[in-house]
Amino acid sequence: MASTAVQSVPLRDEGGARTIAHAFRETVERSPDRVAVRTKDDELSLTWAELRDRVDALAGGLAALGVKRGDTVALMLGNRPEFHIADLAAMTLGATPFSIYATSSPEQIAYVVSDAEARVALVEEALLPNFSAARADLPALEHLIVLEGERGEGTTAWADVEGSDPDFDADPHWQAVEPEDLLTLIYTSGTTGPPKGVQLVHRNVVAATHSIRELIRFPEGARVISWLPNAHIAERAAHHYIPIVFGLTVTTCYDPRQIAAYLPAVRPQWFFAVPRIWEKLKSGLEAMLAGLEGEAGEKAHAALAAAKQKVELEQAGQPVPEALAAAVAAADEQMFAPLRHQLG
């Protein structure tokens, strides 16, 4: 496996879980009835306890196929609840799940799966054509599990795997996971040659989640939206690992082009996005404000100027005059708060 190891970061004693696998179980015990992952319309909604049950049922089926600690499992799934089930199921067994970009060509899929030495892959039907085309170059791949059901020779229905071993006991498996075990592989874009599989161990990510908590104090039961590619570390950290550790509720957005509609529907307490999204939001707000005329336009521009002045003083470590603070507070109540509500 032509992968690059990342040096482990010493984990401070936070009184927390040793691994992400342990963190998942602690979150289930702490908040069993809180919604863990859902679609926007609640077509599928799972509490943490329900998520655990489905994870264990799939883990048992994967174990029956021979997946064990130290193996790798390929995932080619969009932003949907089943991704979280599959990733956690492999993790429960001590295996290493990794994701493939939905836009990958058959050649790219073949390279990554071969490099990772995966013998099992879980794929959704919409992404199956390219994966099937890649399979001719993947002689070591033994099982291709399709979410929507068996799709031709050499494929297995997800439903035939999940729950196939009703006597499976997950506890010995996840309890055996160690901090230095591989949690996932993050494949680079390959701009300097073939993609490199960056190896992240459980200790890396547990330490990262605690560092992020020091910067962002997540409120109890906070909501986030999963909408970036699962193959990217930003998505996995922000909308998968952090929710697992702190018990956040994840709403999955399958089509990233619909993210603007998800914001007011979900109203996330924390929203992680790439710069281009923030640029689009800013441009939209500026265009709306530019369209205001007369007294409304004058008030809007005055409010923005006051807010900017207040921020500049705060960043410079200088005191904010009471009159300026009062003006910004009034503007926030009358204009900025309604805009935030509209944006979600």
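Only one of these is open to solvent by 10 Å² or more (accessible area, probe 1.4 Å), among the aliphatic types (A, V, I, L, M) and closer than 19 Å to A23 by Cβ: L46, L65. Name it.
L46
Here is a check on your reading of the model: is T92 without any contact (Cβ under 8 Å) to a residue 24 or more places away in the chain and of a type in the set (S, T, Y)?
Criteria not met by T92.
Would you mention how many residues in segment 84-113 are open to solvent by 20 Å² or more (accessible area, probe 1.4 Å), among the polar types (S, T, N, Q) and either closer than 15 Å to N230 by Cα or out of contact with any Pro (no Cβ under 9 Å at 6 or more places or on another chain) (or both)?
2
Here's the yes/no breakdown for (1) touching a residue at least 60 places away in the same chain (Cβ under 8 Å); (2) open to solvent by 20 Å² or more (accessible area, probe 1.4 Å):
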| position | (1), (2) |
| --- | --- |
| L138 | no, no |
| L144 | no, no |
| L147 | yes, yes |
| E153 | no, yes |
| W158 | yes, no |
| V161 | yes, no |
| P172 | no, yes |
| A176 | yes, yes |
| D181 | yes, yes |
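Suppose we keep only residues that are outside any helix (DSSP H, G or I) and without any contact (Cβ under 8 Å) to a residue 40 or more places away in the chain within segment 274-312. Which one would you say is nearest to I233 (Cα to Cα)?
Among residues in segment 274-312 that are outside any helix (DSSP H, G or I) and without any contact (Cβ under 8 Å) to a residue 40 or more places away in the chain, the one nearest to I233 (Cα to Cα) is G291.
For segment 248-265, which positions are modelled with pLDDT under 95 and either open to solvent by less than 20 Å² (accessible area, probe 1.4 Å) or among the basic types (K, R) (or both)?
Correct list: R257, I259, L263.
Being more than 25 Å from A64 (Cα to Cα), open to solvent by 70 Å² or more (accessible area, probe 1.4 Å) and either free of Cβ contacts under 8 Å to residues at least 12 places away in the same chain or polar (S, T, N, Q) (or both) is the requirement here; does T209 meet it?
no
How many residues does segment 302-319 contain that are loosely packed, with under 15 Cβ neighbours inside 10 Å and not polar (S, T, N, Q)?
Counting residues in segment 302-319 that are loosely packed, with under 15 Cβ neighbours inside 10 Å and not polar (S, T, N, Q) gives 9.
Which residues, counting only those in segment 191-206, are open to solvent by 20 Å² or more (accessible area, probe 1.4 Å), of a type in the set (V, I, T) and in contact (Cβ under 8 Å) with a residue 40 or more places away in the chain?
Answer for segment 191-206, where residues must be open to solvent by 20 Å² or more (accessible area, probe 1.4 Å), of a type in the set (V, I, T) and in contact (Cβ under 8 Å) with a residue 40 or more places away in the chain: just V198.
Residues checked against (1) under 15 Å from the mean Cα position of the chain (by Cα); (2) among the small types (G, A, S); (3) modelled with pLDDT of 95 or more:
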site	(1), (2), (3)
G70	no, yes, yes
A74	no, yes, yes
N79	yes, no, yes
E107	no, no, yes
A110	no, yes, yes
A121	no, yes, yes
A126	no, yes, yes
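Can you tell me which residue in segment 215-232 is farthest from P268 (Cα to Cα), limited to those that are hydrophobic (A, V, I, L, M, F, W, C) and not in a strand (DSSP E or B)?
Within segment 215-232, the match that is farthest from P268 (Cα to Cα) is A231.
Provide a single number: the residues in segment 286-301 that are among the small types (G, A, S) and open to solvent by 60 Å² or more (accessible area, probe 1.4 Å).
Matching residues across segment 286-301 total 2.
Looking at the structure I just gave you, is I225 within 25 Å of L183 (Cβ to Cβ), open to solvent by 10 Å² or more (accessible area, probe 1.4 Å) and touching a strand residue (DSSP E or B) at 6+ places or on another chain (Cβ under 9 Å)?
So I225 does not fit the description; no.
Sort through G61, G66 and tell me the only one that's closer than 30 Å to L138 by Cβ, part of a loop (DSSP other than H, G, I, E, B) and at pLDDT 95 or above.
Only one candidate qualifies: G66.
Of the residues that make up segment 14-33, is at least one touching a Ser or Thr at 6+ places or on another chain (Cβ under 8 Å), open to solvent by 60 Å² or more (accessible area, probe 1.4 Å), in a loop (DSSP other than H, G, I, E, B) and modelled with pLDDT of 95 or more?
Yes - at least one qualifying residue is present in segment 14-33.
Return the only residue of V320, V266 being in contact with an Asp or Glu (Cβ under 7 Å, 6 or more places away or on another chain) and of a type outside the set (K, R).
From the options V320, V266, the qualifying one is V320.
The values are calculated or read from the model by the stated rules, or taken from the named source; none is laboratory data. None of the values given here were measured: they were computed from a predicted structure. Glycine gets a Cβ as well: all are built from the backbone with ideal geometry, and neighbour counts include every protein chain shown. Surface accessibility is based on the protein's heavy atoms, side chains included, excluding ligands, DNA and RNA. Shrake-Rupley method; radii C 1.70, N 1.55, O 1.52, S 1.80 Å.
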